[in-house]
Amino acid sequence: MGKISVITPCGKVIGEEMEYGARFRAIPYAKAGRFEKPVEITHYDEDIDATKQGVCCPQMRAYWNEEHRFFYKEFRVGQTFTYSEDCQILNIFQPKDAKDCPVLIYIHGGSFTGGSINETHFDGSAYCKRGVICVTINYRLNIFGSFADGEHCNGNFHIMDQYTAIEWVIHNISSFGGDPSHIILMGQSAGAMSIQTLICLEQLKGKIKGAIMLSGGGIRKPFFAITKPNHRYWKKLEKEAGATSFEEYKQMPAQQIWEPWRTKHLVGKALETKIVLDGEFLKSKKYITDVPVIFGMVKKDLPPPILRLMARKFCRIQRKKGCPAYIFEFNRLLPPDEASFHTCDVWYALGSLGLSWRPMEQHDFDISNEMVDRFSAFARTGNPNVEPYVTWNTYNKKEDTYIWE
């Protein structure tokens with residue numbers, strides 16, 4: 001396979017030819033200083049070499065050995081990563097002869113604290129084979145994405161990065177054969193929570209045609225309520241890093257900032273590293289959207305009853321507005337140990353089972369093919385129904401939940 005060049009409004013981007021089309025990695029979409037709002041990139045000073053893996057936001061695996069952690073084996077074993085706060089990059093998977101293709105933008109999860117698009121399962125080739133462009137995006141995480149002292153900044157850098165990436169795609173994706181007026185969002189866990197906020201933003205009204213939220217979508221009160229910036233909590237972390245001023249804090253090494261966030265005030269870490277009502281970018285915590293949605297959860301999720309209730313409540317609101325809403329449950333127990341865990345359906349939803357260490361069976365590939373077929377149809381039409389599969393009803397009652405098992 002050789003290289004391929006695309007001329008975008010920002011400049012030339014050089015990617016790799018692939019059997020399914022082309023792959024472009026680590027394309028910069030924004031610039032931002034520490035604890036500063038992202039600014040969309042509109043011009044490259046030189047050609048972008050998009051043939052190599054990009055950086056991740058600093059996170060636990062940058063500083064601590066994570067080989068004992070469950071998700072390391074599931075999604076990251078054998079991978080190597082580099083880290084930088086300048087992590088606003090995205091990958092594009094382009095079908096062969098792409099022209100006016102629907103575009104699926106994937107937002108990864110990780111509790112707003114970890115994760116990146118260069119983990120093993122983030123392969124968009126299955127969608128390319130169905131004529132859909134797949135885009136995966138990195139964004140700032142943990143303290144670098146959430147710092148909100150209410151004095152110097154109000155947080156939401158993670159969600160603002162995501163929003164800026166979407167705007168970059170809208171402005172540039174036609175160069176890759178995508179239709180900028182036909183974009184849907186998909187993500188899991190924190191990515192799904194982000195998407196729920198994004199599709200309700202006034203700034204994106206009319207720009208997003210649908211959303212697929214895996215293990216994290218739905219009305220979040222009171223469990224994940226959006227609140228205002230917590231000045232006291234963030235100023236404590238600034239002091240515990242050894243800073244005597246905010247300006248000094250901004251210049252400290254990343255690890256010196258990250259470690260107090262990781263080790264101090266653990267309840268605060270869980271509660272404050274999230275989306276906040278900043279009064280500027282996010283002015284309302286009401287969830288009002290008119291786009292079709294799909295909600296999904298797995299058999300042993302975190303925790304399944306709450307996710308089901310939240311998804312069903314959101315679907316009932318959608319139904320009253322005449323907006324299609326669909327729910328599925330992923331009850332397949334993964335081989336060889338009959339496992340079910342939060343986000344285990346991502347392998348299937350992305351069609352990347354062949355990259356998993358697990359000895360997947362033909363039934364697993366059949367499920368994955370159906371999921372990708374349905375989600376590709378949803379990307380085109382806002383409806384996941386496609387032949388030869390049975391009808392998936394819009395949600396009205398519990399029996400309308402689609403089951404994969």
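The values are calculated or read from the model by the stated rules, or taken from the named source; none is laboratory data. For clarity, every value in this text was computed on a predicted model and none was experimentally measured. No Cβ is skipped: glycine too gets one built from the backbone with ideal geometry, and neighbour counts run over all protein chains shown.
Those residues that are of a type in the set (Val, Ile, Thr) and surrounded by fewer than 19 Cβ atoms within 10 Å (Cβ to Cβ), I need them from region 40-54; list them, please.
Correct list: Thr42, Thr51.
Would you check which residues across region 345-367 are in a loop (DSSP other than H, G, I, E, B) and either more than 18 Å from Ile107 (Cβ to Cβ) or touching a helix residue (DSSP H, G or I) at 6+ places or on another chain (Cβ under 6 Å) (or both) and list them? Can you show your working first?
Within region 345-367, the subset in a loop (DSSP other than H, G, I, E, B) is 345, 350-352, 356-361.
Of everything in region 345-367, those that are in a loop (DSSP other than H, G, I, E, B) and either more than 18 Å from Ile107 (Cβ to Cβ) or touching a helix residue (DSSP H, G or I) at 6+ places or on another chain (Cβ under 6 Å) (or both) turn out to be Gly351, Ser356, Trp357, Arg358, Pro359, Met360, Glu361.
Of the residues Phe75, Phe70, Phe93, which single one is out of contact with any strand residue (DSSP E or B) (no Cβ under 6 Å at 6 or more places or on another chain) and either among the hydroxyl-bearing types (Ser, Thr, Tyr) or surrounded by 16 or more Cβ atoms within 10 Å (Cβ to Cβ) (or both)? I'd like the intermediate steps shown before the answer.
Details: Phe70 fails: either among the hydroxyl-bearing types (Ser, Thr, Tyr) or surrounded by 16 or more Cβ atoms within 10 Å (Cβ to Cβ) (or both); Phe93 fails: out of contact with any strand residue (DSSP E or B) (no Cβ under 6 Å at 6 or more places or on another chain).
Answer to the check: Phe75.
Scan Thr136, Thr80, Thr113 and give me the residue that is among the hydroxyl-bearing types (Ser, Thr, Tyr), out of contact with any Asp or Glu (no Cβ under 7 Å at 6 or more places or on another chain) and over 23 Å from Ala349 (Cα atoms).
Numbers: Thr136 fails: over 23 Å from Ala349 (Cα atoms); Thr113 fails: over 23 Å from Ala349 (Cα atoms).
Selected residue: Thr80, the only one of Thr136, Thr80, Thr113 that is among the hydroxyl-bearing types (Ser, Thr, Tyr), out of contact with any Asp or Glu (no Cβ under 7 Å at 6 or more places or on another chain) and over 23 Å from Ala349 (Cα atoms).
Got a sec? Which of Lys235, Lys239 is of a type in the set (D, E, K, R) and either assigned by TED's automatic domain parsing to the domain that holds Tyr63 or in contact (Cβ under 8 Å) with a residue 60 or more places away in the chain (or both)? It would help to see each step written out before you state the result.
Values: Lys239 fails: either assigned by TED's automatic domain parsing to the domain that holds Tyr63 or in contact (Cβ under 8 Å) with a residue 60 or more places away in the chain (or both).
After applying the criteria, what remains is Lys235.
If I ask for residues that are more than 18 Å from the chain's Cα centre (by Cα), on the phi > 0 side of the Ramachandran plot and in contact (Cβ under 8 Å) with a residue 40 or more places away in the chain, which ones from region 172-207 would you list?
Passing the criteria: only Gly177.
Conditions (1) within 29 Å of Met160 (Cα to Cα); (2) buried (at least 16 other Cβ atoms within 10 Å of the Cβ); (3) out of contact with any Leu (no Cβ under 9 Å at 6 or more places or on another chain), marked per residue:
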residue	(1), (2), (3)
Pro292	yes, yes, yes
Leu302	yes, no, yes
Ile306	yes, no, yes
Arg316	yes, no, yes
Pro324	yes, yes, yes
Leu334	no, yes, yes
Asp337	no, no, yes
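Considering only region 303-344, state which residues are in contact with a Ser or Thr (Cβ under 7 Å, 6 or more places away or on another chain), part of a loop (DSSP other than H, G, I, E, B) and among the hydrophobic types (A, V, I, L, M, F, W, C).
Residue satisfying the conditions is Leu333 alone.
Residues of region 389-405 being exposed (fewer than 11 other Cβ atoms within 10 Å of the Cβ), modelled with pLDDT of 95 or more and over 16 Å from Phe330 (Cβ atoms), which ones?
If the condition is that a residue be exposed (fewer than 11 other Cβ atoms within 10 Å of the Cβ), modelled with pLDDT of 95 or more and over 16 Å from Phe330 (Cβ atoms), then Val390, Thr391 are the ones that fit.
Among the candidates Asp149, Asp123, which residue alone is more than 16 Å from the chain's Cα centre (by Cα), part of a loop (DSSP other than H, G, I, E, B) and either free of Cβ contacts under 8 Å to residues at least 60 places away in the same chain or surrounded by fewer than 24 Cβ atoms within 10 Å (Cβ to Cβ) (or both)? Show your work before the answer.
Details: Asp123 fails: more than 16 Å from the chain's Cα centre (by Cα).
None of the other options fit; the residue is Asp149.
Condition check ((1) in the same structural domain as Leu355 (by TED's automatic domain parsing); (2) of a type in the set (Ser, Thr, Tyr); (3) surrounded by 24 or more Cβ atoms within 10 Å (Cβ to Cβ)) across all residues:
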| residue | (1), (2), (3) |
| --- | --- |
| Tyr127 | yes, yes, yes |
| Tyr139 | yes, yes, yes |
| Asn142 | yes, no, no |
| Phe157 | yes, no, yes |
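For (1) touching a Phe, Trp or Tyr at 6+ places or on another chain (Cβ under 7 Å); (2) exposed (fewer than 14 other Cβ atoms within 10 Å of the Cβ); (3) modelled with pLDDT of 95 or more, each residue gets a yes or a no:
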residue: Ser356; (1), (2), (3): yes, no, yes
residue: Pro359; (1), (2), (3): no, yes, yes
residue: Phe365; (1), (2), (3): no, no, yes
residue: Glu370; (1), (2), (3): yes, no, yes
residue: Phe378; (1), (2), (3): no, no, yes
residue: Asn383; (1), (2), (3): no, no, yes
residue: Glu387; (1), (2), (3): no, yes, yes
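Scan the strands (runs of 3 or more DSSP E) fully inside region 1-107 and keep the ones with 1 or more residues being farther than 19 Å from Ser125 by Cα. Full working, then the answer.
Details: elements: 3-8, 11-18, 21-28, 89-95, 101-107.
Passing ranges, in order: 3-8, 11-18, 21-28.
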